[in-house]
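Q: If you scroll down you'll find the structure; I have some questions about it.
The values are calculated or read from the model by the stated rules, or taken from the named source; none is laboratory data. Since this is a predicted model, take the numbers as computed values, not measurements. Because the Cβ atoms are built from the backbone with ideal geometry, glycine has one as well, and the counts that use them run over all protein chains shown. Heads up: the accessible areas ignore ligands, DNA and RNA and are worked out on the full protein's heavy atoms, side chains in. Shrake-Rupley method; radii C 1.70, N 1.55, O 1.52, S 1.80 Å.
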Amino acid sequence: MSALFFYGTLCHVPLLEAVLGVVPGGLSARLTSATLADHQVSWVKDQPYPMIEKVAGQVACGLVLEAVTEDEEDCLRYYEGAFSYHLSEVLIQVLGAAKTALCFYPMSHDQARGAKWELEDWVRGWGEMAVGAARDVMARRARYDAETAASLRPFLMARHWARMMARNGAGPTTRRQSAAPGDVTVHERAEGYRGFFELAEFQFDHLKFDGTRSPRVGREAFLAFDAALVLPYDPVTDHILLIEQLRFGPLWRDDPQPWIFEPIAGLVDAGEDPADTARREAMEESGLLLGALEPMVRVYASPGYSTEFFHCFLGVVDLSDFSASRNGLTSEHEDIRSHVMPYDTAMALVHSGEINAGPLIMMLYWLGAERGRLRAPT
């Protein structure tokens, strides 16, 4: 058995517990504060994680985990291994005495140093997302190698960011049922499918409208992501911009016309404001630089079985000089064509069925209700 020294995010004990799969408090008897001399821990510039480097006279503070088993070391290697870290032997100080321990040390030092690392600041901003993503990463250990799991981690973080936004931005309950603790109980979750998306199999019961309790039933839910959608609109010319691309839903429904008109859209990254997502996606998918955005609606795409949630915006922009273009990120295998057309033309395509994506139709009708205000002289 070995001792491991942690100086960064794994000093957040709930994260370490999630990686090792132990119950809260299960590591407390084996954890001790420790320091590593002549080292400094800093934020990586513009990134939500730290770096360590040798700096004479500085001290890196952290934790040492004693009696690390081979399986625990394998778990930690899996979690950290895809981040260009390797286990190196270091000499730490524990309770005033020198001790040899292993430490995940970077194989290269090409990262730009930011401000001094503060664990508490990271926990406030990223801790909950990281703990949830760690559980998700480790649940994929039997299915994916460390590199593949690491490539999924940003999306797993984004899913937990969506959960945080859901809790903090729930809609009002002036007419619908207002949930209280215990009204819905999830009793167990089966393994289900865990990839980029997840399919959760679970059993639950809930409080019924008549005050009685429902029987326990089994269901499945598709765990997707939050997305930001934006409809660019030029109130002067009354033109909108749409994008067109091949979509897999129609393809697997056997629709012979799987190329679909849609609004600009993209997944909300962990910690990102959905409005910033909309601006980023507008540039990636159409080359448009958007400024202020007007919120439209915030909606579940299909609440009967999916967590997918849409943050919809209108982007007021000058489209007079815009010409049809082809865009999209090659790294994401996107092949996107932009179309600029009068609002009335778009509505004619709705009525003919050529525009058949629900979110776009919803946003066009929203625009129809607000067009007069948006086009009024200022």
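Q: Does any residue of the range 17-32 turn out to be assigned to a strand (DSSP E or B) and in contact with a helix residue (DSSP H, G or I) (Cβ under 8 Å, 6 or more places away or on another chain)?
A: yes
Q: When the residues of the range 67-80 are filtered to those that are surrounded by 14 or more Cβ atoms within 10 Å (Cβ to Cβ) and within 22 Å of residue 28 (Cα to Cα), which remaining residue is modelled with the lowest pLDDT?
A: 80
Q: Quick check on this structure: which one of 55, 41 is out of contact with any helix residue (DSSP H, G or I) (no Cβ under 7 Å at 6 or more places or on another chain), open to solvent by 30 Å² or more (accessible area, probe 1.4 Å), among the β-branched types (Val, Ile, Thr) and not in a helix (DSSP H, G or I)?
A: Result of the check over 55, 41: 55.
Q: To continue, here is another question. Can you pull out every residue in the range 99-148 that is under 16 Å from the mean Cα position of the chain (by Cα) and open to solvent by less than 50 Å² (accessible area, probe 1.4 Å)?
A: Matches in the range 99-148: 125, 127, 129, 130, 131, 132, 133, 134, 136, 137.
Q: Out of 244, 285, 272, I need the residue that is under 14 Å from residue 335 (Cα atoms) and modelled with pLDDT of 95 or more. Which one?
A: That would be 244, the only listed residue that is under 14 Å from residue 335 (Cα atoms) and modelled with pLDDT of 95 or more.
Q: May I ask you to list the residues in the range 290-307 that are in contact (Cβ under 8 Å) with a residue 24 or more places away in the chain and open to solvent by 60 Å² or more (accessible area, probe 1.4 Å)?
A: Selection gives 292, 298, 305.
Q: Of the residues that sit in the range 268-289 and are open to solvent by 60 Å² or more (accessible area, probe 1.4 Å) and aliphatic (A, V, I, L, M), which one is farthest from residue 49 (Cα to Cα)?
A: Ranking the qualifying residues of the range 268-289, first place goes to 289.
Q: Another question, if that's okay. Within the range 150-163, is even one residue more than 21 Å from the chain's Cα centre (by Cα) and surrounded by 12 or more Cβ atoms within 10 Å (Cβ to Cβ)?
A: No, the conditions are met nowhere in the range 150-163.
Q: With the structure loaded, tell me whether residue 156 is free of Cβ contacts under 8 Å to residues at least 60 places away in the same chain and not β-branched (Val, Ile, Thr) or whether it fails that test.
A: Answer is yes for this residue.
Q: Another one. Among the numbered criteria (1) of a type outside the set (Ser, Thr, Tyr); (2) farther than 25 Å from residue 139 by Cβ; (3) open to solvent by 40 Å² or more (accessible area, probe 1.4 Å), which one does residue 3 miss?
A: (3)
Q: Could I ask something else about it? Against the conditions (1) assigned to a strand (DSSP E or B); (2) over 18 Å from residue 362 (Cα atoms); (3) open to solvent by 40 Å² or more (accessible area, probe 1.4 Å), where does residue 245 fall short? Just the number, please.
A: Checking residue 245 against (1) assigned to a strand (DSSP E or B); (2) over 18 Å from residue 362 (Cα atoms); (3) open to solvent by 40 Å² or more (accessible area, probe 1.4 Å), the one that fails is (3).
Q: Please name all residue pairs, on different chains or six or more residues apart, with Cβ atoms under 7 Å, provided the first residue is in the range 81-99 and is modelled with pLDDT of 85 or more and in a strand (DSSP E or B) and the second residue is hydroxyl-bearing (Ser, Thr, Tyr) and surrounded by 13 or more Cβ atoms within 10 Å (Cβ to Cβ).
A: That search, which allows pairs on different chains as well, returns 88/105; 92/35; 93/35; 94/32.
Q: Also, quick follow-up: Does any residue of the range 217-225 turn out to be of a type in the set (Val, Ile, Thr) and either within 27 Å of the chain's Cα centre (by Cα) or surrounded by 12 or more Cβ atoms within 10 Å (Cβ to Cβ) (or both)?
A: no
Q: Any residue in the range 333-353 that is in contact with a helix residue (DSSP H, G or I) (Cβ under 7 Å, 6 or more places away or on another chain), open to solvent by 20 Å² or more (accessible area, probe 1.4 Å), closer than 30 Å to residue 157 by Cβ and not acidic (Asp, Glu)?
A: No, the range 333-353 has no match at all.
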